[in-house]
Amino acid sequence: QLFQKRVDKNPKEHVTRTQVGRFTLGLARETGNADLYVKAEAELRKALAANPKSSAAKTYLASALMAQHKFREALALAQAVYQNEPRSTQALATIGDAHLELGQYDEAEQVFRQLEKKIPVPVPEVLARLGRIAEFRGQTDQAIALLKRALEEEQNSTRPVKEIAWYHVRLGELFFNSGQIEPPGKHFEAALKEKENDVPALLGLGQVRAAQSRYKDAVALYEEVVKQKPDFDLIGDLGTLHTLAGNEAKGKELEAKAVALV
């Protein structure tokens, strides 16, 4: 709010606009609210209009674009920043992420290995990125090993804010996608202990319970997910789970609602 007041008083003040964009971006990540990524992008574009040379604004804007699947534009921005500031590990990470999302796995791995060399200690974020490449290449065992190592590093980190829940969710997804049931359930449960009502963890555990034919438990988990994210696909899935749990009327009602939202 303080930065927003400064912007209101002086709309051309690019430093303050950059901070507003950065905080909005952080809030978007924390809440999962996609609209906030759009707002962050708007603020950061205004900051760049006021100062086209601002590396900070470009770097945060690249992150906002990545979140909206605007990968090529994000890549170009991050590359421009890194060319002028080769010490910027954030820009380098975004370059790798963009290559990864564009399916350019060799380029992404090369960038992440470069990033790994720039950082003197094992960093969970880098290990997780290498894990994603292994996952996309079908190297599930290697991906799981990298994510386990990343989780351990995050747990041992001295940083004040840790993302332990996120690493548990990623491991849960890897195990579940490989056809396993018990390991992912444990990781999703661990994630929810770290971060109550976390949507990806609730959704993952709901999928596990459905795979175990524990449909009433799955319904309860999906109900909480839909409260936070009323997506038509999720509503339709919740309807199917109600039907499987024996509540056919509720199932039909939700499936009709999902169709109406399309």
(message) Condition check: at pLDDT 95 or above, hydrophobic (A, V, I, L, M, F, W, C) and closer than 24 Å to THR140 by Cα. Does ALA218 satisfy that?
(response) no
(request) Test GLY179 against the stated conditions and say whether it is crowded, with 21+ Cβ neighbours inside 10 Å and not charged (D, E, K, R). (result) no
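Go through segment 29-48 and report how many residues are in contact with a Phe, Trp or Tyr (Cβ under 7 Å, 6 or more places away or on another chain) and outside any helix (DSSP H, G or I).
Restricting attention to segment 29-48, the residues satisfying the condition of being in contact with a Phe, Trp or Tyr (Cβ under 7 Å, 6 or more places away or on another chain) are 44.
Add one more test, that the residue is outside any helix (DSSP H, G or I), and what stays is none.
Of the residues in segment 29-48, 0 are in contact with a Phe, Trp or Tyr (Cβ under 7 Å, 6 or more places away or on another chain) and outside any helix (DSSP H, G or I).
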(message) Of all residues being over 19 Å from ARG129 (Cβ atoms) and charged (D, E, K, R) in segment 162-201, which is farthest from the chain's Cα centre (by Cα)? Just the residue, please.
(response) GLU182
(message) If I ask for residues that are closer than 21 Å to GLY96 by Cα, open to solvent by 40 Å² or more (accessible area, probe 1.4 Å) and either among the β-branched types (Val, Ile, Thr) or not in a helix (DSSP H, G or I) (or both), which ones from segment 49-77 would you list?
(response) GLN68, HIS69, LYS70
(request) Go through the residues of segment 108-116 one by one and say whether even a single one is modelled with pLDDT of 95 or more and closer than 23 Å to ALA191 by Cα. (result) no
(message) Can you find, within segment 122-172, the residue that is surrounded by the most Cβ atoms within 10 Å (Cβ to Cβ) among those that are among the hydroxyl-bearing types (Ser, Thr, Tyr) and at pLDDT 95 or above?
(response) TYR167
(request) Search segment 9-38 for residues that are surrounded by 14 or more Cβ atoms within 10 Å (Cβ to Cβ) and pair each with any residue that is of a type in the set (Phe, Trp, Tyr) and at pLDDT 90 or above when their beta-carbon atoms are under 8 Å apart and the residues are at least 6 apart or on different chains. (result) THR18/TYR60; GLY21/TYR60; ARG22/TYR60; LEU25/TYR37; LEU25/TYR60; ALA28/TYR37
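Would you mind listing the helices (runs of 4 or more DSSP H) fully within segment 100-161 where at least 3 residues are of a type in the set (A, V, I, L, M, F, W, C), under 21 Å from the mean Cα position of the chain (by Cα) and under 20 Å from ARG87 (Cβ atoms)?
Details: elements: 105-118, 124-136, 140-156.
Qualifying helices (runs of 4 or more DSSP H): 105-118.
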(request) Count, please, the residues in segment 95-112 that happen to be closer than 20 Å to ARG170 by Cβ and open to solvent by 10 Å² or more (accessible area, probe 1.4 Å). (result) 7
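Yes or no, residue by residue, for (1) closer than 24 Å to PHE175 by Cα; (2) among the polar types (S, T, N, Q):
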residue: ASP198; (1), (2): yes, no
residue: LEU205; (1), (2): yes, no
residue: ALA211; (1), (2): yes, no
residue: TYR222; (1), (2): yes, no
residue: GLN228; (1), (2): no, yes
residue: PHE232; (1), (2): no, no
residue: ASP237; (1), (2): yes, no
residue: ALA249; (1), (2): no, no
(message) Considering only residues that are among the acidic types (Asp, Glu) and at pLDDT 90 or above, which ones fall in segment 1-60?
(response) ASP35, GLU41, GLU43
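Pick from LEU202, LEU238, LEU244: which is over 26 Å from ILE144 (Cβ atoms) and open to solvent by less than 20 Å² (accessible area, probe 1.4 Å)?
On the way: LEU202 fails: over 26 Å from ILE144 (Cβ atoms); LEU244 fails: open to solvent by less than 20 Å² (accessible area, probe 1.4 Å).
Within the list LEU202, LEU238, LEU244, the selection yields LEU238.
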(message) VAL225 - would you say it is open to solvent by 30 Å² or more (accessible area, probe 1.4 Å) and among the β-branched types (Val, Ile, Thr)?
(response) no
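The values are calculated or read from the model by the stated rules, or taken from the named source; none is laboratory data. Just so it is clear, the model here is predicted, and its values are computed rather than measured. Reconstructed Cβ throughout: ideal geometry from the backbone, glycine too, with neighbour counts over all protein chains shown. Heads up: the accessible areas ignore ligands, DNA and RNA and are worked out on the full protein's heavy atoms, side chains in. Shrake-Rupley method; radii C 1.70, N 1.55, O 1.52, S 1.80 Å.
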